[in-house]
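The values are calculated or read from the model by the stated rules, or taken from the named source; none is laboratory data. Bear in mind that the values here come from a model prediction, so they are computed numbers and not experimental data. Heads up, the Cβs are rebuilt from the backbone with ideal geometry, glycines too, and the neighbour counts pull from every protein chain shown.
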C-alpha cells in the first residue's frame with residue numbers, strides 16, 4: 001500500500017478485501033448502455049429513411065448527444081484504468097490524482113450530454129405537435145411554443161449551473177485533483193453535496209420535460225385508451 005494513501009485515509013478496515021473491484025462491472029454496464037444508445041439512434045435514422053423524412057434539429061441534437069454519451073463511456077473506462085472501482089487503499093497516490101482529473105472532465109461532458117438529450121426530446125415534441133396539428137388545435141400550438149421555451153431554458157440552465165460551479169469548484173482549479181497530494185494548497189466546495197443537488201435538479205427537470213406532451217395528448221380527438229398509449233410512448237421515449 002502507498003504510504004501517502006495510508007497517511008491520509010488511515011489503515012483499511014480488517015474485513016475489507018482489497019482485491020475486490022467493481023471496475024469490470026462498471027465498464028460492462030456503461031458499454032451495454034452505450035450499445036443500446038447507438039442502436040436506438042440507428043433505429044431513429046432507419047425510421048426517417050423508411051418514411052423518407054428529412055432529418056430535423058431534434059435529430060442533430062440526438063446525434064450530438066450520442067457522441068457525448070460515448071465520450072462519457074470512454075472517460076468511465078479510462079477512470080477504471082487508473083483504479084476507479086477499487087478500494088482507495090489499493091491505489092497509488094498518482095492514480096488517485098488521475099481519477100479526479102478524469103472525474104473533473106466527466107462532469108463537463110455529462111452536463112452537455114444531459115442538455116442535448118433534453119433539447120432533442122423537446123424539439124421532437126415541438127416537431128410532432130407544432131406541425132402535425134397546427135390547423136386544428138391552435139390552443140395546443142400556443143402551449144407547444146411556451147413549453148418548448150420553458151423546457152429549453154431549463155435544459156440550458158442545468159448545463160450552465162454545472163459548468164459554472166465546476167469552473168469554480170476549487171481554488172485553484174487544480175486543487176480538485178491535487179486535494180490529496182497537496183491538501184494545504186487550496187480549498188474546494190462540498191462536491192458531494194453539489195453532485196447530490198445537481199442530480200436532484202436534473203431529475204426534476206427531466207420530470208417537467210416528460211410531462212410537457214401530456215396536455216397536448218389529452219386534447220387530441222382520441223379515445224382514452226389511445227391517449228394513455230400515446231402518453232406511455234412519450235414517457236418511454238423520454239426515459
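The number of residues in the stretch 179-205 that are out of contact with any helix residue (DSSP H, G or I) (no Cβ under 7 Å at 6 or more places or on another chain) and surrounded by 15 or more Cβ atoms within 10 Å (Cβ to Cβ) comes to 2. When we screen 187, 174 for residues that are farther than 24 Å from residue 144 by Cβ and touching a strand residue (DSSP E or B) at 6+ places or on another chain (Cβ under 8 Å), the only hit is 187.
On inspection, residue 194 fails the criterion of being part of a helix (DSSP H, G or I), in contact with a strand residue (DSSP E or B) (Cβ under 9 Å, 6 or more places away or on another chain), under 26 Å from residue 105 (Cα atoms) and at pLDDT 85 or above.
Pairs are defined by a Cβ separation below 8 Å, a sequence spacing of at least 6 or placement on different chains, a first member in the stretch 5-27 that is in contact (Cβ under 8 Å) with a residue 24 or more places away in the chain and at negative phi, and a second member that is in a loop (DSSP other than H, G, I, E, B) and loosely packed, with under 12 Cβ neighbours inside 10 Å; the pairs so defined are 8/183.
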